[in-house]
1. Which residues, taken from the range 30-43, are at pLDDT 95 or above and either among the hydrophobic types (A, V, I, L, M, F, W, C) or at positive phi (or both)?
2. Modelled with pLDDT of 90 or more, under 13 Å from the mean Cα position of the chain (by Cα) and open to solvent by less than 40 Å² (accessible area, probe 1.4 Å), is that true of Asp26?
3. So, in the range 1-23, exactly how many residues are part of a strand (DSSP E or B), open to solvent by less than 90 Å² (accessible area, probe 1.4 Å) and among the polar types (S, T, N, Q)?
4. Any residue in the range 22-45 that is in contact (Cβ under 8 Å) with a residue 40 or more places away in the chain sitting within a Cβ distance under 9 Å of a residue that is in a loop (DSSP other than H, G, I, E, B)? List the pairs, counting only those 6 or more apart or interchain.
5. Among Thr89, Thr68, Thr53, which is hydroxyl-bearing (Ser, Thr, Tyr) and either closer than 21 Å to Asn14 by Cβ or surrounded by 18 or more Cβ atoms within 10 Å (Cβ to Cβ) (or both)?
Amino acid sequence: MALPQLNVHRHDRNTHALLTLAGEIDLTTAPLVRAALTECLRDGIRTVDVDLTAVTFCDGSGLNAFLTAYQIAHETGTTIQLHHPPPSTVRVIEITGSGFLLHELHALPRNNRRASGSRCLA
């Protein structure tokens, strides 16, 4: 069985960083996500946009990495937002009440949500 792979690319402009992730985010690769986000915070980045366009899978350990970074960033006045997540990831984020991670343009429209009472916090 092949190990999951994740490519992380960071592009900085002043105090803004764009992290582009490609591949699978799971227990094996979530530490790469955590390290990249922590490095942004340590380097004085004030806005981190995370492009998930090329992410094919994200499990709970990936979500935990984003939530931990968001909490630390929020305490220091830094903004972290996820952009272009796959629909399955959007659904998990919304089910867990973590919609605040999503850039508001990428949250599920209200008419596409199930009547389960879930709502986006973004």
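The values are calculated or read from the model by the stated rules, or taken from the named source; none is laboratory data. Model, not experiment: these values are computed from the prediction. Neighbour counts are summed over all protein chains in view; Cβ atoms, including those assigned to glycine, are modelled from backbone coordinates with ideal geometry. Heavy atoms of the whole protein, side chains included, go into the accessibility calculation; ligands, DNA and RNA do not. Shrake-Rupley method; radii C 1.70, N 1.55, O 1.52, S 1.80 Å.
1. Ala30, Leu32, Val33, Ala35, Ala36, Leu37, Cys40
2. Yes, satisfied.
3. Taking the range 1-23 first, the residues part of a strand (DSSP E or B) are 6-13, 16-23.
Next, from what is left, pick out any that are open to solvent by less than 90 Å² (accessible area, probe 1.4 Å): 6, 8, 10, 12, 16-23.
Now restrict to residues that are among the polar types (S, T, N, Q): 20.
Number satisfying all stated conditions: 1.
4. Ile25/Pro4; Ile25/Asp59
5. The match here is Thr89.
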